[in-house]
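Report on the structure given below.
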Amino acid sequence: MTKQQIVQYGDPALRKVTSRVIKFDKSLRKLVEDMFETMYASEGVGLAAPQIGVSKRVLVVDVDYASKRYLDEKTNKEVASYSPLVLINPIIIQKEGQIISQEGCLSFPNVVIDVLRHKKIIVKYQDLLGKERKLAAEDDLLCRCIQHEIDHLDGKLFVDKRADEASMKKALEEAGFAGVNSPASPLMIG
């Protein structure tokens, strides 16, 4: 596993619509391992391939990593609990309701804004072996995280789904992103 550099806001790679994964081979497994290594090292809960400059429809998520810890009896130190998920070629096939919640993004260090998301989703995706699967998530961090990462695969960013323009601009300015130009992809779909 190798920690990769995370692409930051303003890099054109974040606005590209990614390519569908066709080959489920060793190189895909290596990409996923590197993505988890990068996400965990950055203390994130989700990462999409474009965030490390790879234009493939791959995302990794582990919402338990940030919240669930246990005490190691030998060292008496807190240790993270892992519940990794890999979604390849994910598509939201059903969505309901709306919620506003705070989100951050590894490509936007020190930026947290209110974002509008669907309250419930059902996602169809493939696992590392290429097997089709479905996952439902409702009104929780997993639901929001999956939507956030799928947006990355479509060249969309969480600033595109902001709940409040003024507070978003202020947060970007405070984090040093005020002058960044990042036009939305012309291929963006609703």
Exercise for review: Rounding to the nearest 20 debye, state how big the charge dipole of the chain is about its Cα centre with +1 on each Lys and Arg Cβ and -1 on each Asp and Glu Cβ.
Suggested key: 700 debye
Exercise for review: Could you go through segment 135-147 in sequence order and give the Karplus-derived ³J(HN,Hα) for each residue, using 6.51 cos²θ - 1.76 cosθ + 1.60 with θ = phi - 60°, rounded to whole Hz, and x for Gly and Pro?
Suggested key: 9, 10, 9, 9, 6, 8, 4, 4, 4, 5, 5, 4, 4
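Pop the C-beta distance of ASP160 and LYS74 into the FRET formula with R0 = 35 Å and round what comes out to the nearest 0.05. Don't jump to the answer; show the numbers that get you there.
On the way: r = 46 Å, r/R0 = 1.32.
For R0 = 35 Å, the calculated efficiency reads 0.15.
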Check your understanding: From the phi of every residue in segment 155-167, what ³J(HN,Hα) in whole Hz does the Karplus formula 6.51 cos²θ - 1.76 cosθ + 1.60 yield, where θ is phi - 60° and glycine or proline is x?
Key -> x, 9, 10, 5, 5, 6, 10, 4, 8, 9, 4, 5, 5
Check your understanding: Can you pull the semi-axes for segment 12-174, root of five times each eigenvalue of the Cα gyration tensor, sorted largest first, whole Å?
Key -> 23, 22, 17
Point to revise | Cross-link reach list, aspartates and glutamates versus LYS134, counting only Cα pairs under 20 Å and skipping chain neighbours closer than eight places | key: ASP62, ASP64, GLU96, GLU149, ASP151, ASP154
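Take the residue pairs LYS26/LYS56; LYS23/LYS124; LYS131/LYS156; LYS30/LYS131; LYS23/LYS156 and return only those whose Cα atoms are more than 21 Å apart.
On the way: LYS26/LYS56 15 Å; LYS23/LYS124 18 Å; LYS131/LYS156 26 Å; LYS30/LYS131 18 Å; LYS23/LYS156 25 Å.
The pairs that break the limit, which is 21 Å between Cα atoms, are LYS131/LYS156; LYS23/LYS156.
Read-outs throughout are calculated quantities, based only on the coordinates presented, and are distinct from any laboratory measurement. Values in this document were obtained by computation on a predicted structure and should not be read as measured data. Glycine also receives a Cβ, built like all others from the backbone with ideal geometry; neighbour counts cover every protein chain displayed.
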